[in-house]
Amino acid sequence: MNGSSKGGDGLKRLHRTGYCVVLAASALLMVNPAHADPVKTIDTQKVKVKVETVASGLDHPWAVEVLPDGAYLVTERPGHLRIIRDGKVSAPIAGVPNVYAHGQGGLLDVALDPKFAGNRTIYFTASIAEDSGSGTAVFRAVLSPDERRLIDVKRIFLMNKLSQGDLQYGSRIAIAKDGSLFVSLGDRFEQDRAQDFHDDAGSIIHIRADGSIPADNPFKDGVKALPEIWSKGHRNPEGITFDAADGRLYTVEHGPKGGDEINTPEAGKNYGWPVISYGRNYDGTKVGIGTAKKGMEQPIFYWDPSIAPGAIAVYRGRMFPEWKGDFLVAALKFKLLSRLDRDGSGKVTERERMFKGDFGRLRDVVVAPDGALLITTDENDGALLRVSRAAE
């Protein structure tokens, strides 16, 4: 179970950029009501914000991306991919492969190829099942011009060991400037797997868009570790993103009872789980040997008690200059958005907790091209929210 076991389910991204081409309009079906309790104005520590319900009635929406014309591509964990445009929610897009939608599994993250405006390519993660169990997979597909189906769907990665259970799959996608993919994978609630360098569980992997191994991977010869592994010792990282300012990669991941972490995955490094942790086992006993060990990396920040983080973004938008460079972390357990800043030495401090309990369990957080925030709520009657600057 994840750090959210007392109130959540446990636990991209490429810096999301704007695009310059407008998609052809498509027919959309209104399948559920939008704009229930459509707008709230909320005072935060530095700025007053407007929170708009773009669409509601979604079934555990997990991830959102912004299409070139400003519409939204949203995944629902039971296995549906939809487009929301002008408050209208499309019928499910056809062609999504069967997913293992049990427990924390299902259709998870989605990311647009950097050249989406020309090639219409997307990537998504999902838990899938075979005879030996289930695990996290990465797919590539093309969104049809009429936006009604996926074509040329290819599975480009599947973790090498499938297992029973339905916990701690990860997973988010961050796309590097060269178009390669960094994908976060959970330990599947089998903690020792996170220290097995010949097991994909509990790792950040790095693959090309076709699933092949990049030349800069630390274990590309496959001798000391699987060639796709970038870093190990992660528990259940459900958030991953690049900082657009310096290209640095960050993850946010669930601890057990306490010890949710923000980490900076670097090539070949070990982030310690389950040998070291700032959390404790659910029965209150110590995890591993304590909080530090030579050769294992420290988090740049941790929470105790856990907040059950869902996703992480680094704010580099224009709308909220007050938040420049801050981390924004969606949380499931306390139903909030955590804002953290960094001083000149790199020290991270949590400055405020926004929206606590106002909108339900917050799963994804994305900085839109215009600088607004997009947030999904992980509920049976889930919503897509847009957070913008309120009028003074």
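The values are calculated or read from the model by the stated rules, or taken from the named source; none is laboratory data. Computed from a predicted structure; not experimentally measured. No Cβ is skipped: glycine too gets one built from the backbone with ideal geometry, and neighbour counts run over all protein chains shown. Surface areas here come from the heavy atoms of the whole protein model, side chains and all, with no ligands, DNA or RNA. Shrake-Rupley method; radii C 1.70, N 1.55, O 1.52, S 1.80 Å.
Observations on the model:
- Rg and Dmax over the alpha-carbon atoms of the chain stand at 19.3, 60 Å.
- Per residue of the chain, the DSSP helices (runs of n ≥ 4 H) give a summed -39500 (n - 2.57) that works out to 0 deg cm²/dmol at 222 nm.
- Ranked by how many other beta carbons lie within 10 Å on average, peptides 325-332, 116-123 from highest: 325-332, 116-123
- Cα-Cα over 31 Å, subset of Lys48/Lys335; Lys161/Lys356; Lys88/Lys154; Lys40/Lys88; Lys154/Lys257; Lys177/Lys293: Lys161/Lys356; Lys154/Lys257; Lys177/Lys293
- Share of carbon and sulfur in the accessible area of the chain stands at 50%, probe radius 1.4 Å.
- Normalised per residue, the volume of the convex hull around the Cα set of the range 244-314 (Å³): 85
- Computed over the range 45-389: relative contact order in percent, which uses C-alpha pairs under 8 Å that are six or more apart: 14
- Dipole axis of the chain (+1 Lys, Arg; -1 Asp, Glu on Cβ), positive-most option in Ala137, Tyr100, Gln195: Gln195
- Hull-based mean projected area of the range 64-137, where the convex hull spans the alpha carbons, in square nanometres: 5.5
- Among 191-203, 368-380, 84-96, the peptide with the highest mean count of other Cβ atoms within 10 Å heads the list, and the full ranking is 191-203, 368-380, 84-96.
- Residue (of Thr376, Gly325, Phe124) at the positive-pole extreme of the chain, dipole from beta-carbon charges: Gly325
- For the range 172-292, the alpha carbon convex hull comes to 96 Å³ per residue, rounded to a whole number.
- Prolate/oblate/rounded call for the range 277-392, Cα gyration tensor, a/c under 1.5 rounded: oblate
- Along the axis of the charge dipole computed for the range 193-348 (Cβ charges of +1 for Lys and Arg, -1 for Asp and Glu, origin at the Cα centre), the listed residues Asn263, Ala292, Pro218 are led at the positive end by Ala292.
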